[in-house]
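To start, the structure under review is shown below, and the notes come after it.
The values are calculated or read from the model by the stated rules, or taken from the named source; none is laboratory data. Computed from a prediction, not measured in an experiment: that's the story for all the values here. Glycine also receives a Cβ, built like all others from the backbone with ideal geometry; neighbour counts cover every protein chain displayed. To get the accessible areas, we keep the full protein, side chains included, count just its heavy atoms, and leave off ligands, DNA and RNA. Shrake-Rupley method; radii C 1.70, N 1.55, O 1.52, S 1.80 Å.
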Amino acid sequence: MFKLLLLVATMSGCSSYSGNWTAKVGSYISTFQINGGTGFFCYSKGSLTKIDKIEFSGSVITSKKGSTEISTIQYARDGVRGEIDNFVLEGDIFYRDNDLHMASAYCRKVLR
């Protein structure tokens with residue numbers, strides 16, 4: 001689903017990315033839940049639902065099923081209050097979604 005990308009902008013550290021992040025990736029609703037260096041990647045489309053454990057280090061999100069790097073944060077923008085508002089993976093913008101309002105019903109349920 002994702003390919004390894006080069007980091008375009010420097011990040012202020014992975015703790016800035018702790019929280020929930022949701023985007024529409026193709027026809028899937030995808031949510032990352034990052035808590036420091038670990039978390040989950042949840043996505044769903046209709047009755048197809050999936051959740052995987054991830055590790056987050058040095059801007060790379062790695063699947064815990066193996067050593068496959070599933071994505072790298074490509075761009076981050078600072079918000080008005082100095083928080084990270086969004087990040088981009090292969091052109092798909094992930095928005096901060098701490099209350100999981102944008103997440104699919106499945107991901108909302110399993111990530112709470």
**OP:** Tell me, please, whether a residue that is modelled with pLDDT under 85, touching a strand residue (DSSP E or B) at 6+ places or on another chain (Cβ under 6 Å) and open to solvent by 80 Å² or more (accessible area, probe 1.4 Å) can be found in the range 8-15.
**Re:** yes
Subject >> Pick from the range 103-112, criterion more than 13 Å from the chain's Cα centre (by Cα) and part of a loop (DSSP other than H, G, I, E, B), ranking: farthest from K50 (Cα to Cα) >> reply: R112
Original post:
For G26, are the conditions met, namely being modelled with pLDDT of 80 or more, loosely packed, with under 15 Cβ neighbours inside 10 Å and under 13 Å from the mean Cα position of the chain (by Cα)?
Top reply: no
